[in-house]
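Asker: Quick one: the structure is below, and I'll ask about it shortly.
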Amino acid sequence: MKTAARSAAEEALLDGAERLLVEQGHAGITTRRLAEAAGVNHGLVHYYFGSNENLLARALERFTERLIERQRALYAADVPFLEKWRTAMRHLIADDATYEKIWMELQALAWNEPELRARLADVNAQWRAVLTEAFAEPHRELGIAMPLGALVSLVITFNLGIMVERLGGIDAGHDELLAWIDGYLAERS
């Protein structure tokens, strides 16, 4: 059983990891920086999480759990799909920049870390499950010719492309693309 002190220290470390991933990127994160950001002894990083990478992955997983809960509620709402899409795009463009930075930082780190890569694949699978469920009905109603799995991959790849470009300071064509998709969906709604 976890003590209240341990739970508080773990949460502080996870919060610190999120902040550092956004502010400095994974390359600038050391055990001491993590502990300093959390206000705890640096030995607790390895004691509670085993490694910096494990702590960073857990921070992403915790963040993902919150966003997936939000997305499931969004797609379960009794509103037209177009409104759901608009809200999801508002999250992508404006609300979720912190999550996107963390996701991309850990993607880069995972390229050379097979264990981390497997954990990120699990996170990706969770997002795919949410989108597969969310897009099943619109896929049918809109008569989209591609298979549902391909549509979900297209949406995920679309989101990743926008995230990568925006993190690099590029937003050329994004507004036009989103407006075109919005118009396409509005015509068919």
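A short reminder: the numbers here are calculations on the coordinates, not readings from a lab. Keep in mind the model is a prediction, meaning the values are calculated, not measured. Please note: Cβ atoms are built from the backbone with ideal geometry, for glycine as well, and neighbour counts cover all protein chains shown.
Asker: For segment 16-119, run through the chymotrypsin sites (Phe, Trp or Tyr not before Pro) and keep only the ones in DSSP coil with at most 13 other Cβ atoms within 10 Å of their Cβ.
Answerer: W111
Asker: Expressed as a whole number of Å, what is the distance separating the alpha-carbon centroids of segment 114-131 and segment 167-186?
Answerer: 26 Å
Asker: So what J values fall out for segment 25-31 if you push phi through Karplus, 6.51 cos²θ - 1.76 cosθ + 1.60 with θ = phi - 60°, rounded to Hz, Gly and Pro as x?
Answerer: Once rounded to whole Hz, the list reads x, 4, 5, x, 9, 10, 4.
Asker: Hey, another quick one. Once you have the Cα-Cα distance between S153 and H46, take 0.36 nm times their residue separation minus that, and quote the gain in nm to one decimal. Don't skip to the answer; put the middle values down first.
Answerer: On the way: separation 107, 0.36 × 107 = 38.52 nm, distance 3.60 nm.
Between S153 and H46, full extension yields 34.9 nm more.
Asker: Moving on. So what are the ³J(HN,Hα) numbers for segment 169-175, from phi and the Karplus equation (6.51, -1.76, 1.60; θ = phi - 60°), rounded to whole Hz, Gly and Pro as x?
Answerer: Coupling constants for segment 169-175: x, 10, 9, 4, x, 5, 4 Hz.
Asker: Using the Cα centre of segment 16-82 as the reference point, and only Cβ charges (+1 on K/R, -1 on D/E), how large is the resulting charge dipole? Debye, rounded to the nearest 20.
Answerer: 100 debye
Asker: Using only helices, what value at 222 nm comes out for the chain when you add -39,500 (n - 2.57) per DSSP H run of length 4 or more and divide by the total residues, to the nearest 500 deg cm²/dmol?
Answerer: Calculated from helices alone, the mean residue ellipticity at 222 nm is -26000 deg cm²/dmol.
Asker: With springs connecting C-alpha atoms under 10 Å apart, model the chain as a Gaussian network and identify which of I144, I102, I156 has the largest mean-square fluctuation.
Answerer: In the Gaussian network model the winner is I144.
Asker: Right, next: Among A77, I170, M104, pick out the residue whose Cα is farthest towards the positive end of the charge dipole of the chain, where Lys and Arg carry +1 and Asp and Glu carry -1 on C-beta, about the Cα centre.
Answerer: Going by the charge dipole, the pick is M104.
Asker: Can you check what the net charge comes to around P80, using other residues whose Cβ is under 14 Å from the Cβ of P80 (Lys, Arg +1; Asp, Glu -1)?
Answerer: On the way: positive: K84, R86, R188; negative: D78, E83, E137, E141, D182, E187.
Here the count lands on -3.
Asker: How far apart, in nm, are the 7 Å Cα→Cβ label points at T31 and D95?
Answerer: A separation of 3.9 nm, rounded to one decimal place.
Asker: P(r) for segment 43-162: what percent of alpha-carbon pairs falls in each 10 Å bin, starting at zero?
Answerer: Each 10 Å bin holds this share of Cα pairs: 12, 40, 31, 13, 3, 0.
Asker: For segment 35-90, take the alpha-carbon Rg, divide it by the Kirkwood Rh, and send me Rg/Rh.
Answerer: Working: Rg = 17.5 Å, Rh = 13.8 Å.
Rounded to two decimals, Rg over Rh is 1.27.
Asker: Find how much the distance from D182 to D78 grows on full extension, using 0.36 nm per residue of separation minus their present alpha carbon separation; answer in nm with one decimal.
Answerer: Working: separation 104, 0.36 × 104 = 37.44 nm, distance 1.89 nm.
Contour length minus the Cα-Cα distance gives 35.6 nm.
Asker: Oh, and also: What is the gain in length, in nm to one decimal, between A118 and R66 on full extension, counting 0.36 nm per residue of separation less the C-alpha to C-alpha distance?
Answerer: Details: separation 52, 0.36 × 52 = 18.72 nm, distance 2.02 nm.
Extra length available between A118 and R66 comes to 16.7 nm.
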